[in-house]
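Engineer: Next up is a structure, given as structure tokens.
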Amino acid sequence: MEYFELHPQTPQVRFINKAVDVLKSNGIIIFPTDTFYGLGCDLFNRGGVEQILSIKGESDTKLFSFIFSNFKDISKYAKISDYAYRTMKHLLPGPYTFILPAAKVTPKKLWSKRKTVGIRIPNHEVTLQIVNELGNPLLSTSATTRLGEPLINAQEIKSIFNARVDLMLASEIINFEPSSVVDLSGEEPEIIREGAGDVSLFK
């Protein structure tokens, strides 16, 4: 595994480009977000989901987040109501995952049983630059132990995933809590998980 340490606000472009090259070659990367480290691949990497599930030792019922760098492309992959758009625009980038109805272009194997997907725009410059340069959403799940415990130490993550991941970008992590998850797919918002993001707006 290639390993690079990046500045959180002004990440080195050459390392961002290396990560993008790996993703475009159907590789798997580890990257920092505004909550935990993420384990991810290009959304259109057909074998990437199976690879990540195998790496983490999880079943095919595991749900992934779609990471975007801005709002421009979200409507291609999810159906977003006026209310959902206004709400997300107010809170993102930030430590939230918003559940929205899946759009037809999104691979069905990534849909939940309710035909929804999780959308994220993390407040971390490294992640945003990766997705912006990639040109596609980044499919992501948290880097955890096989017991599901989140990993926050970069060197520990490197040691655990070294032989199974192609590249890791290490940088400062803003929060050590998971993202707050809010379902905006129905008529009323529903808080699924309270995490790093303030969910008082939805109570």
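No lab work stands behind these numbers, since they all come straight from the coordinates. The shown structure was predicted, so the numbers you read here are calculated from the model rather than taken from an experiment. Note that each Cβ is placed from the backbone with ideal geometry, even for glycine, and that neighbours are counted across all protein chains shown.
Engineer: Where the centroid of each part is defined by its Cα atoms, how far is segment 14-68 from segment 124-203 in Å?
Structural biologist: Going from one Cα centre to the other spans 11 Å.
Engineer: What chymotrypsin sites (Phe, Trp or Tyr not before Pro) in segment 105-203 are in a loop by DSSP, with at most 11 other Cβ atoms within 10 Å of the Cβ?
Structural biologist: In loop regions of segment 105-203 (DSSP not H, G, I, E or B), the sparsely surrounded chymotrypsin sites (Phe, Trp or Tyr not before Pro) are Phe176.
Engineer: If you take every residue apart from Val20 with its C-beta less than 14 Å away from the C-beta of Val20, what net charge results, scoring Lys and Arg +1 and Asp and Glu -1?
Structural biologist: -2
Engineer: While we're here: Using a 10 Å Cβ count of at most 16 others and DSSP loop calls, identify the longest part of the chain lacking such GluC sites (Glu not before Pro).
Structural biologist: 59-171
Engineer: Please tell me which of these pairs span more than 26 angstrom C-alpha to C-alpha: Lys76/Lys115; Lys76/Lys113; Lys72/Lys109; Lys76/Lys203; Lys79/Lys109?
Structural biologist: Lys76/Lys203
Engineer: Between Lys113, Lys24, Lys56, where does the largest GNM mean-square fluctuation fall for the chain, given springs only between Cα atoms within less than 10 Å?
Structural biologist: For the chain, modelled as a Gaussian network with Cα springs under 10 Å, the answer is Lys113.
Engineer: Let me ask something additional. At 222 nm, what value in deg cm²/dmol follows for the chain if DSSP H runs of at least 4 each add -39500 (n - 2.57) and the sum is divided by all its residues, to the nearest 500?
Structural biologist: Mean residue ellipticity, 222 nm, calculated: -7500 deg cm²/dmol.
Engineer: Anyone know which of Val131, Val49, Val22 comes out most mobile in the 10 Å Cα GNM of the chain?
Structural biologist: So, out of Val131, Val49, Val22, the one fluctuating most is Val22.
Engineer: Looking at the chain, do any whole DSSP H helices span at least 15 angstrom along their long axis by alpha carbon and average -0.5 or above on Kyte-Doolittle, and which?
Structural biologist: Those that clear 15 Å and a mean of -0.5 are 13-24.
Engineer: Show the residues, 5+ positions off or on another chain, whose built amide H is closer than 5 Å to the amide H of Glu5.
Structural biologist: Under 5 Å from the amide H of Glu5: Ala170.
Engineer: Mean 1/r over all different Cα pairs, inverted: what Kirkwood radius does the chain give, in Å?
Structural biologist: 16.8
Engineer: If you don't mind, there's one more thing I want to ask. If you take the Cα atoms of segment 1-118, find Rg, then find the Kirkwood Rh from the mean of 1/r over all pairs, what is Rg/Rh?
Structural biologist: 0.96
Engineer: Give me, ordered by chain and number, the residues 5 or more places off Ala78 or on other chains with an amide H under 5 Å from its own placed amide H.
Structural biologist: Result for Ala78 returns Ala103.
Engineer: In whole Å, what are the extents of segment 1-46 along the principal axes defined by its C-alpha atoms, from largest to smallest?
Structural biologist: 31, 24, 17
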